[in-house]
Amino acid sequence: MTTDLLHDNPLLDFSGLPRFDTLTPEHVQPAISKLLADCRALVDRLTSDQVTASWATFAAPLADGFEELSRAWGVVVHVHSVNDIPAWRDAYNQMLPEVSRFYAEVGQNLKLFAKYKSISESEEYASLSEPRRRIVDHEVRDFRLAGAELPEDRKPRFQAIAEELAQLSAKFSENLLDATNAFAEVVADEAELQGLPDDARQAAREAAAKEGKDGWKFTLHMPSYLPVLQYADSRRLRAALYRAYATRAAEFGAPEMDNTPLIRRILELRREQAELLGYASFAEVSLVPKMAESVPQVLDFLRDLAVKARPFAERDIADLRAFAREELGIEEMEAWDVAYVSEKLLQARYAFSEQEVKQYFTEDRVLAGLFKVIETLFGVCLKPDSAATWHEDVRFFRMETPTGELVGQFYLDLYARETKRSGAWMDEARGRRRRRAASLAAETDTIQTPIAYLNCNFSRPVGERDGKPRPATFTHDEVITLFHETGHGLHHLLTRVDELGVAGIHGVEWDAVELPSQFMENYCWEWSVLPGMTAHVDTGEPLPRALFDKMLAAKNFLSGMHMLRQIEFSLFDLRLHSDFDPTGDRSVLDLLAEVRREVAVIVPPAWHRFPNTFLHIFAGGYGAGYYSYKWAEVLSADCYGAFEAAGNAFDPLTGKRFLDEILSVGGSRPAIDNFRAFRGRDPQVDALLRHSGMITA
Ligand SMILES: [Zn+2]
């Protein structure tokens with residue numbers, strides 16, 4: 001049995017596209033076990049003293065061996081996320097711990113580190129291509145940050161810190177979830193539900209009935225909490241939920257769910273970890289693999305943005321207060337009124353129906369519009385192609401040069417299914433690389449072209465028209481999501497880098513990786529594009545300008561206030577991990593208050609315990625990295641600004657430079673060098689402010 005499954009196992013066939021037509025869950029265990037064993041044997045062989053540390057004898061064969069494992073496992077991960085039936089889930093779960101263990105071993109293998117380090121110190125290093133030097137540098141850097149260069153007597157302590165931090169992060173999110181679950185408010189009087197949409201009422205009714213109770217049950221989970229804060233006319237109900245939400249996992253509730261001591265401990269350990277590695281703060285460690293160069297640089301960036309956004313945020317808040325007083329009879333707008341008043345003001349100023357907008361974004365038209373944007377900007381042709389897929393709804397396309405040369409291919413899986421993971425994402429089936437001619441007799445190298453998966457969860461076509469299925473229609477948000485994921489896809493597909501380790505999105509700094517995706521979103525707001533990508537599902541009419549103007553105004557509604565909030569979180573995160581002393585007298589809340597005095601226009605009540613719920617930085621990998629959201633937005637807006645400056649969203653020269661200097665370069669060059677090469681200067685925040693309606697004339 002096992003031999004058969006190894007003999008003709010589609011997961012072990014690397015000659016072309018994944019063989020989704022013959023692949024079954026039974027193939028997973030034999031194939032992945034074999035590849036893991038092969039990789040371990042390869043690591044053993046390559047780390048022996050007999051092997052010279054050079055690109056050709058060490059780094060290249062290691063990358064080749066690891067590529068097979070990551071491609072085969074990538075197919076399993078992909079099928080598990082788009083076809084999560086029990087047999088696939090079992091196959092995936094059976095091998096996941098094995099694969100994770102393997103990668104953890106590799107990350108701690110000091111013999112691998114020693115080989116990379118000798119390459120970096122060898123004479124060969126200077127003669128390596130820039131992409132190859134980058135790969136070696138990244139490997140050495142990552143091993144160092146994982147403690148590989150610590151003196152032997154410090155390593156156990158470093159390891160113990162890493163383990164305790166992992167436990168503390170897990171406990172932090174568990175506490176938050178438990179505290180979120182611990183609260184419920186059951187409303188007995190229907191009059192208190194005034195203003196709430198029907199679906200929110202219905203859900204609350206069912207939640208109460210499920211527990212055999214009368215009335216309507218509200219919780220702190222988003223689908224229950226948000227509609228109350230946004231729509232409930234009852235100020236008492238809004239205030240009760242707001243207070244419960246804002247005080248989760250703090251000293252007001254069960255002591256075992258209080259995150260306060262965990263925060264101190266996490267900050268202490270992160271600081272100790274940074275000191276062991278020879279850095280002044282955890283923020284410095286966090287920035288090493290990122291595009292941002294130093295803590296002061298990021299602080300300046302955030303403060304500059306705050307100063308520029310402030311007048312707009314002040315205007316936003318003054319508008320809200322005035323509207324609350326004059327139209328809603330709310331004399332003093334409190335924290336629990338903000339979402340409610342915002343919603344009412346939005347309706348009063350810019351009311352339009354999402355449903356109406358959706359009628360214009362018909363699937364074929366949207367795809368044609370998207371493809372046109374890509375073809376015009378980057379000089380490629382997109383054509384339907386054929387391949388075995390995992391579902392009949394999935395489509396497959398190829399990207400070619402104007403002379404018909406294959407650039408890359410991608411699967412497009414648009415519709416939601418019960419067996420599909422939620423959200424939208426881009427993933428890779430195969431990366432671009434140059435394969436060296438196997439022998440001297442073979443004259444030319446071959447290029448392995450990239451292949452991507454683009455996955456969304458949009459609604460499938462419903463109903464019929466003239467005896468044919470009515471086309472699917474998308475909301476504008478869905479269209480933006482499609483453009484966003486396609487941007488990640490373009491980064492992967494349009495790369496020209498020959499080395500897998502820094503081709504496409506590989507090796508791109510985490511605070512720069514959203515540049516191409518957010519860049520593409522701009523085209524969903526470009527009036528010159530919209531008529532070409534919209535056609536009303538019944539009349540065929542393009543999107544009317546008046547409707548577009550309302551959409552644009554709503555997009556920028558309260559943008560100053562929202563921007564300052566993101567800056568407040570970012571500054572708090574960065575200062576917590578740089579100049580805050582977790583063993584000192586000042587509390588985390590003191591620091592937050594100081595940050596708010598500097599940048600906030602709304603100061604929440606004194607009992608608000610925001611830090612105790614800040615999952616991103618204490619349990620989500622964003623520690624000293626929350627600023628990345630704004631950072632990447634500035635980069636992408638500034639890049640789009642180059643097209644605006646050229647007076648044409650499709651300016652061919654600018655498009656070519658964006659392709660040459662950013663998209664095609666991938667991680668083979670530092671992101672800041674890519675940016676400077678494209679823009680001719682350092683990033684500036686003006687374009688983002690302009691796109692957000694904060695025009696500084
Ligand atoms: Zn993204």
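Looking across the stretch 242-288, the residues that are over 23 Å from Tyr225 (Cβ atoms) and small (Gly, Ala, Ser) come down to Ala274, Gly278, Ala280, Ser281, Ala283, Ser286. Please go through the stretch 411-438 and pick out each residue that is touching a helix residue (DSSP H, G or I) at 6+ places or on another chain (Cβ under 7 Å) and within 16 Å of the ligand (Cβ to nearest atom). Answer for the stretch 411-438, where residues must be touching a helix residue (DSSP H, G or I) at 6+ places or on another chain (Cβ under 7 Å) and within 16 Å of the ligand (Cβ to nearest atom): Arg421, Ala424, Trp425, Met426, Asp427, Glu428. How about the stretch 394-421: which of its residues are assigned to a loop (DSSP other than H, G, I, E, B) and under 16 Å from Asp84 (Cα atoms)? Scanning the stretch 394-421 gives Val394, Ala416, Arg417, Glu418, Thr419, Lys420, Arg421.
Selection of the stretch 100-115 for residues being under 25 Å from Gly74 (Cα atoms) and either exposed (fewer than 13 other Cβ atoms within 10 Å of the Cβ) or among the aliphatic types (A, V, I, L, M) (or both) yields Ser100, Arg101, Ala104, Val106, Leu112.
Look at Phe172 and say whether it is among the aromatic types (Phe, Trp, Tyr), within 22 Å of Pro611 (Cα to Cα), touching a helix residue (DSSP H, G or I) at 6+ places or on another chain (Cβ under 9 Å) and assigned to a helix (DSSP H, G or I).
It is true that Phe172 is among the aromatic types (Phe, Trp, Tyr), within 22 Å of Pro611 (Cα to Cα), touching a helix residue (DSSP H, G or I) at 6+ places or on another chain (Cβ under 9 Å) and assigned to a helix (DSSP H, G or I).
Note on the stretch 165-186: residues that are of a type in the set (Gly, Ala, Ser) and within 22 Å of the chain's Cα centre (by Cα) amount to 4.
Touching a residue at least 60 places away in the same chain (Cβ under 8 Å) and more than 29 Å from Ala553 (Cα to Cα): is that true of Ala437 in this structure? Judged against the criteria, Ala437 is not a match.
Taking the stretch 152-193 as the range and being surrounded by fewer than 18 Cβ atoms within 10 Å (Cβ to Cβ), free of Cβ contacts under 8 Å to residues at least 60 places away in the same chain and hydrophobic (A, V, I, L, M, F, W, C) as the test, the residues that pass are Ala160, Ala166, Leu177, Ala184, Val186, Ala188, Ala191. If the condition is being surrounded by fewer than 24 Cβ atoms within 10 Å (Cβ to Cβ) and either away from the ligand (no atom under 16 Å from the Cβ) or at positive phi (or both), then the stretch 508-534 contributes Trp525, Glu526, Trp527, Ser528, Val529, Leu530, Pro531, Gly532.
Table: residues versus (1) in contact (Cβ under 8 Å) with a residue 40 or more places away in the chain; (2) within 27 Å of the chain's Cα centre (by Cα).
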position	(1), (2)
Pro516	yes, yes
Ser528	yes, no
Thr534	yes, no
Thr539	no, no
Arg545	no, no
Asp549	no, no
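Residue count for the stretch 206-233, restricted to those that are more than 31 Å from the chain's Cα centre (by Cα), crowded, with 18+ Cβ neighbours inside 10 Å and in a helix (DSSP H, G or I): 2. Looking at Leu320, Leu267 in this structure, which one is of a type in the set (A, V, I, L, M, F, W, C), more than 30 Å from Ala204 (Cα to Cα) and surrounded by 15 or more Cβ atoms within 10 Å (Cβ to Cβ)? Matching residue, one of Leu320, Leu267: Leu267. Thr654 satisfies every condition listed in (1) crowded, with 20+ Cβ neighbours inside 10 Å; (2) free of Cβ contacts under 8 Å to residues at least 24 places away in the same chain; (3) under 22 Å from the mean Cα position of the chain (by Cα) except (3). Residues in the stretch 116-129 that are surrounded by 13 or more Cβ atoms within 10 Å (Cβ to Cβ) and either farther than 19 Å from Leu42 by Cα or touching a Leu at 6+ places or on another chain (Cβ under 7 Å) (or both): Ser120, Ser122, Glu124, Tyr125, Leu128, Ser129.
For Arg238, the conditions (1) surrounded by fewer than 20 Cβ atoms within 10 Å (Cβ to Cβ); (2) over 29 Å from the mean Cα position of the chain (by Cα); (3) not β-branched (Val, Ile, Thr) are fulfilled apart from (1). A single member of Phe678, Phe618 is touching a Cys at 6+ places or on another chain (Cβ under 8 Å), crowded, with 20+ Cβ neighbours inside 10 Å and on the phi < 0 side of the Ramachandran plot, and it is Phe678. Please verify whether Val28 is over 23 Å from Arg434 (Cβ atoms) and crowded, with 16+ Cβ neighbours inside 10 Å, treating the condition exactly as stated. Answer is yes for this residue.
Looking at Ser692, Ser668, which one is closer than 15 Å to Ala512 by Cα, buried (at least 17 other Cβ atoms within 10 Å of the Cβ) and polar (S, T, N, Q)?
Answer to the selection: Ser668.
Figure legend. Inter-residue proximity from the stretch 21-49: first residues touching a residue at least 12 places away in the same chain (Cβ under 8 Å) and closer than 13 Å to Ala72 by Cβ, second residues among the polar types (S, T, N, Q) and outside any helix (DSSP H, G or I), beta-carbon distance below 9 Å, spacing 6+ or different chains. Indicated pairs: Leu23/Asn9; His27/Asn9; Pro30/Asn9; Ala31/Asn9; Lys34/Asn9. The requirement of being within 16 Å of the ligand (Cβ to nearest atom) and at positive phi is satisfied by Gly504. Could you please tell me which pairs satisfy a Cβ distance under 9 Å, a separation of 6+ or placement on different chains, a first residue in the stretch 475-499 that is farther than 18 Å from Arg398 by Cβ, and a second residue that is acidic (Asp, Glu) and more than 15 Å from the ligand (Cβ to nearest atom)? From residues that are farther than 18 Å from Arg398 by Cβ, the pairs are Thr475/Glu354; His476/Glu354; Asp477/Glu354; Asp498/Asp445. In the stretch 237-352, counting only helices (runs of 4 or more DSSP H) that sit wholly within it, the ones holding 3 or more residues that are in contact with a helix residue (DSSP H, G or I) (Cβ under 9 Å, 6 or more places away or on another chain), closer than 25 Å to Asn556 by Cα and not aromatic (Phe, Trp, Tyr) span 295-328, 338-350.
Applying the set (1) more than 30 Å from Gly621 (Cα to Cα); (2) at pLDDT 95 or above to Glu211 leaves exactly one unmet item: (2). Exactly one residue among Ala388, Ala416 is within 18 Å of Arg460 (Cα to Cα) and small (Gly, Ala, Ser), and that residue is Ala416. Answer with yes or no whether Thr486 is within 16 Å of the ligand (Cβ to nearest atom) and polar (S, T, N, Q). So Thr486 fits the description; yes. Going by what's in this entry, would Glu499 be described as touching a helix residue (DSSP H, G or I) at 6+ places or on another chain (Cβ under 8 Å), among the acidic types (Asp, Glu), within 16 Å of the ligand (Cβ to nearest atom) and under 23 Å from Lys290 (Cα atoms)? Judged against the criteria, Glu499 is not a match.
For the stretch 464-481, the candidate set comprises residues that are aliphatic (A, V, I, L, M) and more than 12 Å from the ligand (Cβ to nearest atom); within that set, the residue that is modelled with the lowest pLDDT is Ala472.
The values are calculated or read from the model by the stated rules, or taken from the named source; none is laboratory data. Because the structure is predicted, anything quoted here is derived from the model rather than measured. Please note: Cβ atoms are built from the backbone with ideal geometry, for glycine as well, and neighbour counts cover all protein chains shown.
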